[in-house]
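K.L.:
One structure coming up, written as structure tokens, with questions to follow.
The values are calculated or read from the model by the stated rules, or taken from the named source; none is laboratory data. Bear in mind that the values here come from a model prediction, so they are computed numbers and not experimental data. For neighbour counting, all protein chains shown are included, and Cβ atoms are generated from backbone atoms with ideal geometry for every residue, glycine included. Just the protein is used for accessible areas: all its heavy atoms, side chains included, with ligands, DNA and RNA removed. Shrake-Rupley method; radii C 1.70, N 1.55, O 1.52, S 1.80 Å.
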Amino acid sequence: MPNAEHPHKWGMVIDLDKCTGCQACVVACQAENNIPINTKDYFLQRRAYEWIRIERYWEGEYPNIKARFMPVLCQHCENAPCEPVCPVYATYHNEEGLNVQVYNRCVGTRYCINNCPYQVRMFNYWHPNWPARLENQLNPDVTVRTRGITEKCTFCVQRIRRGEIEVEARGGQRLNDERIAGGNYDPACVQACPTNALMFGDLEDQGTAIKPYFDDVNAHPGHGEHDRETRGYRLLEEMNTRPSVIYLKKIDQYPLKGGH
Amino acid sequence: MAIAGLVVTAIVAFILVVLFISWFSNPPFGWGNAPAQPIGFPHTVHAGSVEEGGHAIQCEFCHRNVTSGAAATVPAVEVCVICHKQVNGSNVTTDAVAPETLINIQRVLDKHAEERPIDWERVHRVPDHVRFVHEAHIRFLTQGEERTVTLPIGDEKPMNLPVTTAEACSVCHGDVAHMEEVQPQDGQSLKMGTCLDCHRENNVSTDCTICHK
């Protein structure tokens with residue numbers, strides 16, 4: 001059960017130096033969160049669902065070229081642009097810093113999708129379908145969303161809740177980095193990442209590995225970017241959405257000839 | 001004019017009837033009765049006290065996961081056969097029990113021999129987008145220091161906690177040990193309002209993601 005006096009504040013750090021663009025997080029998310037199978041048709045119509053996606057950028061010109069990868073998921077912004085535009089209060093910020101989507105309140109106006117600068121909110125254009133056998137692998141802890149509503153990354157809140165209950169049952173301790181990793185209560189993408197490029201933690205916990213990055217980025221906001229001691233930055237920082245996800249810059253040991 | 005008035009009245013009446021039925025008809029929420037079970041299972045005989053002719057089997061002997069996980073779980077046929085390997089037509093005569101009882105027991109044994117599950121009808125069902133964790137609620141009612149609470153469900157009398165597991169189950173499910181056929185009880189609606197009342201009463205978070213994920 002969430003602690004009312006001292007709530008968690010969940011956050012994530014994504015180290016782009018470690019990301020190889022392998023898409024393991026995308027597959028893990030798809031399996032964990034009952035996301036329908038994306039067919040070729042869905043992609044061609046640009047209506048594929050992915051709660052976390054790997055954005056691919058090319059740098060340079062062939063043959064002097066490099067691929068860059070960036071996993072993008074819901075940033076769980078503190079000043080989330082999607083929240084004030086919802087006419088039915090289907091998306092709101094909870095006390096644990098999560099941007100929550102309540103599926104049963106959603107009426108499918110798609111204002112939030114249009115107002116999200118990161119394009120991480122997905123609309124269910126179709127009734128969710130799986131091949132008959134795959135229905136047996138649906139995660140019972142996650143709602144199967146119906147057609148006509150918006151959905152997005154939840155930071156795998158079902159795992160966080162399970163973690164809170166199980167840790168509480170074993171003696172009322174508080175979830176921290178160690179207990180999250182020990183019980184596999186990390187979000188599915190974090191758990192699946194083979195290079196540990198994704199880190200998840202509680203910013204209210206002083207010992208968490210992600211806190212130094214958030215402290216550094218918060219201490220040097222906006223134009224103070226060059227004074228930062230870590231490689232941290234936020235996506236579209238100038239929009240002041242204050243995401244709970246921080247990216248760490250890639251260090252290029254072998255830069256392209258002639259720079260970029 | 002008179003016809004227009006009649007049409008409007010008919011449409012309004014139709015909408016009201018639809019709303020009324022949809023709001024009150026489902027068994028755990030409204031007035032409807034639970035569906036008939038494929039095999040008559042008297043909880044009175046299994047869970048009822050010995051003085052009343054039952055066998056006082058604890059709830060969690062069959063609903064094994066109730067104290068350790070989200071779902072209470074309906075037992076596998078093997079759990080029935082633990083006892084009914086002995087307690088069946090070959091050892092019990094119709095002098096002691098009604099013939100239908102032996103027929104029902106034989107049907108359980110047949111299912112076991114066929115290696116098929118029994119398709120029990122679900123009585124207490126929350127909607128698909130709700131996740132209810134039995135373990136946490138049983139733990140709240142059966143553990144911790146002594147305290148008195150008034151839960152906004154059932155008869156709403158003050159309760160002295162902690163209680164036994166069986167008493168904890170009956171807070172929401174009613175006195176199942178005295179039910180020939182499990183039915184939702186008066187005042188034990190499983191509507192969201194009941195959940196929220198109880199969570200507010202006991203200073204538990206009412207964040208949406210507690211139940212909806």
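K.L.:
Using +1 at the C-beta of Lys and Arg and -1 at the C-beta of Asp and Glu, which of A:Ala48, A:Gln30, A:Thr241 has the Cα lying farthest in the positive direction of the dipole of the range A:10-248?
P.N.:
A:Ala48
K.L.:
Can I ask one more? Which residues of the range A:141-174 end up with at least 10 Å² less accessible area in the presence of all protein chains than when their chain stands alone, using a 1.4 Å probe?
P.N.:
Listed in order, they are A:Asp141, A:Val142, A:Thr143, A:Val157, A:Gln158, A:Arg161, A:Ile165, A:Glu168, A:Ala169.
K.L.:
What does the charge dipole of chain B about its Cα centre add up to, to the nearest 20 debye, if the Cβ of each Lys and Arg holds +1 and the Cβ of each Asp and Glu holds -1? Don't jump to the answer; show the numbers that get you there.
P.N.:
Working: 14 positive and 25 negative charges, 134 e Å.
I would put it at about 640 debye.
K.L.:
If you don't mind, there's one more thing I want to ask. Expressed as a rounded percentage, what relative contact order does chain B have, with Cα pairs under 8 Å and six or more residues apart?
P.N.:
Numbers: 250 pairs, mean separation 50.8, N = 213.
This gives 24 percent for chain B.
K.L.:
Grab the DSSP H runs of chain B that are 4 residues or longer, score each as -39,500 (n - 2.57), total them, divide by all residues and round the 222 nm result to the nearest 500 deg cm²/dmol.
P.N.:
Values: 8 runs with 84 residues, N = 213.
The helix-only estimate for chain B comes to -12000 deg cm²/dmol at 222 nm.
K.L.:
On to the next question. Taking all pairs of distinct Cα atoms, average 1/r, flip it, and tell me the Kirkwood hydrodynamic radius of chain A in Å to one decimal place.
P.N.:
Numbers: mean 1/r = 0.0511 Å⁻¹.
This gives a value of 19.6 Å.
K.L.:
Take the Cα radius of gyration of chain B and divide it by 2.2 N^0.38 Å, with N its residue count; two decimals is plenty.
P.N.:
Values: Rg = 21.4 Å, N = 213, 2.2 N^0.38 = 16.9 Å.
Against the compact-globule rule of thumb, the ratio is 1.27.
K.L.:
Most mobile of A:Asn64, A:Asn240, A:Asn218 per a Gaussian network model of chain A (Cα springs, under 10 Å)?
P.N.:
Highest fluctuation of the listed residues: A:Asn64.
K.L.:
Got the relative contact order for the range A:10-248 handy, in percent, Cα pairs under 8 Å and 6 or more residues apart? List each step's numbers first, then the result.
P.N.:
Working: 402 pairs, mean separation 65.7, N = 239.
Averaging sequence separation for qualifying contacts and normalising by length gives 28 percent for the range A:10-248.
K.L.:
Also, quick follow-up: Interface size between chain A and chain B, please: total buried accessible area, 1.4 Å probe, rounded to the nearest 100 Å². Each step should come with its number before you reach the end.
P.N.:
Values: alone 13880 and 14280 Å², together 26640 Å².
In total, chains A and B hide about 1500 Å² from solvent.
K.L.:
For a Förster distance of 51 Å, can you work out the FRET efficiency between the beta-carbons of B:Thr164 and A:Lys40, rounded to the nearest 0.05? Don't skip to the answer; put the middle values down first.
P.N.:
Working: r = 58 Å, r/R0 = 1.13.
Rounded to the nearest 0.05, the efficiency is 0.30.
K.L.:
Pick out, from B:Met192, B:Thr44, B:Ile103, the residue whose Cα sits farthest towards the positive end of the charge dipole of chain B, with +1 on the Cβ of Lys and Arg and -1 on the Cβ of Asp and Glu.
P.N.:
B:Met192
K.L.:
Which value in deg cm²/dmol, rounded to the nearest 500, describes the helix-derived mean residue ellipticity at 222 nm for chain A, given -39,500 (n - 2.57) per DSSP H run of n ≥ 4 and division by the residue count? Could the numbers behind the result be given before it?
P.N.:
Values: 7 runs with 52 residues, N = 260.
Taking each H run of at least 4 residues, the total per residue is -5000 deg cm²/dmol.
K.L.:
Once the range B:98-213 is represented by equal point scatterers at the alpha-carbon sites, with solvent omitted, what log10 I(q)/I(0) does the Debye formula produce at q = 0.12, 0.17 Å⁻¹?
P.N.:
-0.58, -0.95
K.L.:
In Å, what is the Rg of the alpha-carbon atoms in the protein assembly as shown, and how long is Dmax?
P.N.:
27.5, 98
K.L.:
Please get the size of the charge dipole for the protein assembly as shown, origin at its Cα centre, with Cβ charges of +1 on Lys and Arg and -1 on Asp and Glu, quoted in debye to the nearest 20. Walk me through the numbers before you get to the answer.
P.N.:
On the way: 44 positive and 58 negative charges, 391 e Å.
With Lys and Arg at +1 and Asp and Glu at -1, about 1880 debye.
K.L.:
Suppose R0 equals 56 Å. What FRET efficiency, 1/(1 + (r/R0)^6) with r the Cβ-Cβ distance, do A:His93 and B:Glu115 give to the nearest 0.05? Mind dumping the intermediate values first?
P.N.:
Working: r = 51 Å, r/R0 = 0.91.
In this case the efficiency is close to 0.65.
K.L.:
Please compute the length gained on full extension between B:Val149 and B:Ile3, using 0.36 nm multiplied by the number of residues separating them and subtracting their Cα-Cα distance. Show your work: numbers first, answer last.
P.N.:
Numbers: separation 146, 0.36 × 146 = 52.56 nm, distance 5.72 nm.
Working it through step by step, the gained length comes to 46.8 nm.
K.L.:
Could you give the length gained by full extension between A:Tyr62 and A:Gln119, i.e. 0.36 nm per residue of separation minus their alpha carbon distance, to one decimal place?
P.N.:
Values: separation 57, 0.36 × 57 = 20.52 nm, distance 2.90 nm.
Result: 17.6 nm gained on full extension.
K.L.:
Once label points are set 7 Å from the Cα along Cα→Cβ at both B:Arg64 and B:Phe132, what is their separation, rounded to one decimal in nm?
P.N.:
So the label points at B:Arg64 and B:Phe132 sit 2.3 nm apart.
K.L.:
Using a 1.4 Å probe over the heavy atoms of the protein chains, calculate the carbon and sulfur portion of the accessible area of the protein assembly as shown as a whole percent. Don't skip to the end; give the middle numbers.
P.N.:
On the way: 14660 of 26640 Å².
Here it works out to 55 percent.
K.L.:
As an exercise, use a Förster radius of 25 Å and the Cβ-Cβ distance of B:Glu156 and B:His178 to find the FRET efficiency, rounded to the nearest 0.05.
P.N.:
Values: r = 20 Å, r/R0 = 0.78.
That pair, B:Glu156 with B:His178, gives E of 0.80.
K.L.:
On to the next question. Expressed in nm to one decimal, what extension gain is obtained for the pair A:Asp252 and A:Trp126 from 0.36 nm per residue of sequence separation less their Cα-Cα distance? All intermediate terms of the calculation are to be shown ahead of the outcome.
P.N.:
Details: separation 126, 0.36 × 126 = 45.36 nm, distance 4.20 nm.
Roughly 41.2 nm would be gained on extension.
K.L.:
Label-point separation (nm) for B:Ser22 and A:Asn196, each offset 7 Å from Cα along Cα-to-Cβ?
P.N.:
Those two pseudo-labels are separated by 5.2 nm.
K.L.:
Compute the projected area of the convex hull of the Cα atoms of the range A:212-251, averaged over all viewing directions, and report it in nm² to one decimal place.
P.N.:
2.7 nm²
K.L.:
Next question. Normalising by the residue count of the range A:178-255, find the relative contact order in percent from Cα pairs under 8 Å and 6+ residues apart.
P.N.:
Details: 57 pairs, mean separation 12.5, N = 78.
Computed over the range A:178-255, the figure is 16 percent.
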